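To start, the structure itself, in structure tokens.
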Amino acid sequence: MVNKIWIFLFIIGITYAIFTGRAATINEAILSSPKASIEMILNLTGLFILWNGLLQVAKDCGLISAFARLIHPVTRFLFPELPKQHEVHGLIASNMAANMLGLGSVATPLGIKAMKEMKKINGDKDHATRSMITLLLINTSSLTLIPTTIVSMRKINGSINPSNVIPMIILATSLSTFFAIVVDRLFAKLSKK
């Protein structure tokens, strides 16, 4: 369905450009986009390699386990269905840490691994548990304390002060995560009735 929407938007945009005499602008954008995309990918690759490496080092030296123990009261509150000493808490903590560092592309595989572990706990059933829904909401709202990807993108695109958005990002993601948890708890209570 989303593919159809995108195709529809492309057709509308191209048709509008042709009828308003801006076909040359579209042609220029189409021809310059691949170069800009490759440059952006190359610039961000180093960043992702660095943070993936740091997260792996943190995992190997026990920092992720320590972080999981530190936030264990929070994860116990957010994920009451999960066994106390299960490895899924470490995956959830890693996912949350990656999101806090603004590394959504690193957080996603960790979230998928956590979902797979929760599915095993659930007995491989085909429906989502409350904990799975909670993780999805927290991962989507993603509390971000250090938006590394956004700061890097702003730097790559010539921003004079790429980090001046950090306070607003912290505020926005804190509010989105708070309201995601509130809505999750509200629907959990309503579904029990």
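Averaging 1/r over each pair of different alpha-carbon atoms in region 1-86 and inverting the result gives 18.1 Å, the Kirkwood hydrodynamic radius. Over all pairs of different C-alpha atoms in region 138-193, the reciprocal of the mean inverse distance, the Kirkwood hydrodynamic radius, equals 12.8 Å.
When Rg and Dmax are taken over the Cα atoms of region 39-193, they come to 16.7, 54 Å.
For the chain, which whole percent of the accessible surface, found with a 1.4 angstrom probe, sits on carbon and sulfur atoms? Summing carbon and sulfur atoms, their accessible area is 70 percent of the total for the chain. The order of the peptides 179-185, 150-156 by mean Cβ neighbours within 10 Å, most packed first, is 150-156, 179-185. Accessible area per residue for the chain is 66 Å², calculated with a 1.4 Å probe on protein heavy atoms, without ligands, DNA or RNA. Residues 51, 6 ordered from highest to lowest accessible area at a 1.4 Å probe: 6, 51. Screening the chain for DSSP H helices whose Cα atoms reach 24 Å or more along their own axis and whose mean Kyte hydropathy is at least -1.0 gives 2-19, 23-60, 104-121, 166-192. Residues whose amide H lies under 5 Å from that of residue 144, counting only those 5 or more places away or on a different chain, are 173, 174; hydrogens are built 1.01 Å from N in the peptide plane.
The values are calculated or read from the model by the stated rules, or taken from the named source; none is laboratory data. No experiment lies behind these values; they were computed from the predicted model shown. Cβ coordinates were reconstructed from backbone atoms using ideal geometry, including for glycine residues, and neighbour counts include every protein chain displayed. The protein model used for the area step is the full one, side chains on, heavy atoms only, and it has no ligands, DNA or RNA in it. Shrake-Rupley method; radii C 1.70, N 1.55, O 1.52, S 1.80 Å.
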